[in-house]
Structures are given as structure tokens and as C-alpha cells.
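**Student:** Sharing a structure with you now.
The values are calculated or read from the model by the stated rules, or taken from the named source; none is laboratory data. For clarity, every value in this text was computed on a predicted model and none was experimentally measured. Please note: Cβ atoms are built from the backbone with ideal geometry, for glycine as well, and neighbour counts cover all protein chains shown. Heads up: the accessible areas ignore ligands, DNA and RNA and are worked out on the full protein's heavy atoms, side chains in. Shrake-Rupley method; radii C 1.70, N 1.55, O 1.52, S 1.80 Å.
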Amino acid sequence: MARGYARGAVGVLDGSTAGAKADGRVVGAKVRAFEGVLDLADASVKRAIGDDNGLFRLPPGCKPLYGFINSSVSLGASTVSVGTTGATGKYRAAATHTVPDAPQLFMLSSASDDLPLGAEEDVLLTIGTAALPAAGIVTIVVFASAR
């Protein structure tokens with residue numbers, strides 16, 4: 001039976017490259033949590049369709065693994081995405097979050113298979129089809145590997 005290898009394991013596990021070592025940013029790396037908490041009643045939080053809110057900054061060299069969104073209230077018909085200025089749905093495509101206090105995991109496969117970040121990245125929550133409620137707490141956490 002033939003054996004294949006995951007990206008990053010070629011040369012390390014198969015012995016095809018003498019002295020090859022796994023990328024320490026991914027294999028055996030520490031996992032860090034990056035958290036953004038939005039108080040929807042706060043005037044600094046934008047709630048209208050098309051608005052975005054800065055959550056946190058990911059440093060270069062880290063690799064986003066997965067995240068979750070949680071809210072103290074239903075976000076109703078509002079869709080929210082998690083991403084960057086150039087790719088608003090990079091980590092979470094626009095979707096609703098209607099059940100309070102029920103965390104939803106997210107991470108698009110198109111982002112989870114990326115190499116570690118080459119430069120810092122500001123992560124944003126972008127509002128889609130309907131405005132966010134006037135009150136409530138929304139928490140977004142992204143876990144990323146790093147040295």
C-alpha cells in the first residue's frame with residue numbers, strides 16, 4: 001500500500017531530505033488566542049449594513065487555525081463575516097448567528113490551508129444584509145499557531 005504525506009511532512013517523515021525539519025510555525029507551535037469583543041450599545045461599534053469593526057491584529061508568521069463567534073443576543077437577519085479589508089470573508093463567510101450563547105466554530109478551508117502570514121493582518125467583522133441589534137455583546141476569537 002502506498003503512503004502519501006501532508007504538506008510540511010514531505011522530506012521530514014519520508015526521509016527524502018536529509019536533516020529536514022518541520023516548520024516550527026505550524027508543527028509543535030504554541031497556539032495563541034486573539035479576541036475581539038463588541039458591545040453593540042457602544043457608540044464606537046458600527047452596526048449598519050456594509051460597516052466593519054476592527055477586532056485584532058494577527059502578527060506575521062502566525063497561522064490562523066480556527067475561530068468562534070458568540071453573542072449574548074440573536075443577530076437576527078444580519079449576516080456577519082470575518083476577514084480583512086481586501087477579503088471580508090477570508091475566515092468566515094457572511095452568515096447569520098441567531099442563537100444566543102451558542103458559539104459557532106468557523107474557518108474557511110481556503111484560509112486554513114494557507115501558509116503562515118507573511119505580514120501582519122488586521123481582522124475585521126463586516127456587517128452584511130441587515131443592521132446589527134442596538135444592544136448585546138458579540139465575541140470573536142481566532143486561534144492561531146505561532147512560535
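**Student:** Non-local amide H neighbours of residue 62 (under 5 Å, H modeled in plane, Pro and chain starts lacking H): which ones?
**Tutor:** Result for residue 62 returns 117.
**Student:** Just to be sure I understand the model, the point goes 7 Å from the Cα along the line to the Cβ. What's the resulting residue 122 to residue 57 distance in nm?
**Tutor:** Label-label distance for residue 122 and residue 57, simple model: 0.9 nm.
**Student:** Further, regarding this structure: Which ³J(HN,Hα) values, rounded to whole Hz and listed in residue order, are derived for region 46-59 from phi using the Karplus coefficients 6.51, -1.76 and 1.60 in 6.51 cos²θ - 1.76 cosθ + 1.60 with θ = phi - 60°, glycine and proline given as x?
**Tutor:** 8, 10, 7, 4, x, 6, 9, 10, x, 9, 5, 10, 8, x
**Student:** In the set (1) 34.9; (2) 10.6; (3) 8.3, which value of mean projected area of the Cα convex hull in nm² was calculated from the structure you see?
**Tutor:** The listed entry that was calculated here is (2).
**Student:** Let me spell out the model: positive unit charges on the Cβ of Lys and Arg, negative unit charges on the Cβ of Asp and Glu, origin at the Cα centre of the chain. What dipole size does that give, in debye rounded to 20?
**Tutor:** Numbers: 13 positive and 13 negative charges, 101 e Å.
With only Lys, Arg, Asp and Glu charged at Cβ, the dipole is about 480 debye.
**Student:** Then there's this: Could you report the chain's accessible area per residue, 1.4 Å probe, as an integer in Å²?
**Tutor:** On the way: 7870 Å² over 147 residues.
Result: 54 Å² of accessible area for each residue.
**Student:** At a Förster radius of 30 Å, what calculated FRET efficiency corresponds to the Cβ-Cβ distance of residue 112 and residue 39, to the nearest 0.05? Before the final figure, lay out the partial values.
**Tutor:** On the way: r = 29 Å, r/R0 = 0.98.
The computed FRET efficiency comes out at 0.55.
**Student:** Let me ask something additional. In nm, to one decimal, how far is the residue 77 label point from the residue 49 one, both placed 7 Å along Cα→Cβ?
**Tutor:** Going by the 7 Å Cα→Cβ label model, 0.9 nm.
**Student:** Under 11 Å from the Cβ of residue 139, count the other residues' Cβ atoms, weight Lys and Arg +1, Asp and Glu -1, and hand me the total.
**Tutor:** Working: positive: none; negative: 35, 39, 101.
Net of charged neighbours comes to -3.
**Student:** Enter the Cα centre distance for the pair region 25-44 and region 85-105, rounded to the nearest angstrom.
**Tutor:** Their Cα centres are 14 Å away from one another.
**Student:** Suppose R0 equals 30 Å; then what is the FRET efficiency for residue 84 and residue 1 from their Cβ-Cβ distance, rounded to the nearest 0.05? Numbers along the way, then the final one.
**Tutor:** Details: r = 42 Å, r/R0 = 1.40.
The value I calculate is 0.10.
**Student:** I need the phi-derived Karplus couplings for region 119-124: 6.51 cos²θ - 1.76 cosθ + 1.60, θ = phi - 60°, integer Hz, Gly and Pro marked x.
**Tutor:** For region 119-124, the Karplus curve yields 8, 4, 9, 7, 9, 10 Hz.
**Student:** Below 8 Å between Cα atoms, with a sequence gap of 6+, how large is the relative contact order for region 30-147 in percent?
**Tutor:** Working: 308 pairs, mean separation 55.2, N = 118.
RCO, region 30-147: 47 percent.
**Student:** In a shell of Cβ-Cβ distance under 11 Å around residue 32, excluding residue 32 itself, what net charge do Lys and Arg (+1) and Asp and Glu (-1) give? Let's see the in-between values first.
**Tutor:** Working: positive: 30, 63, 147; negative: 35.
Combined, the nearby Lys, Arg, Asp and Glu give +2.
**Student:** Further, regarding this structure: Would you mind getting me the FRET efficiency between residue 93 and residue 21? Use the beta-carbon distance for r and R0 = 41 Å, nearest 0.05. Numbers along the way, then the final one.
**Tutor:** Details: r = 35 Å, r/R0 = 0.86.
Plugging the Cβ-Cβ distance into 1/(1 + (r/R0)^6) gives 0.70.
**Student:** Test of understanding: what is the full-extension gain from residue 66 to residue 13, defined as 0.36 nm times their sequence separation minus their Cα-Cα distance? Present the calculation step by step, with values, prior to reporting the outcome.
**Tutor:** Values: separation 53, 0.36 × 53 = 19.08 nm, distance 2.54 nm.
16.5 nm is the gain from fully extending residue 66 to residue 13.
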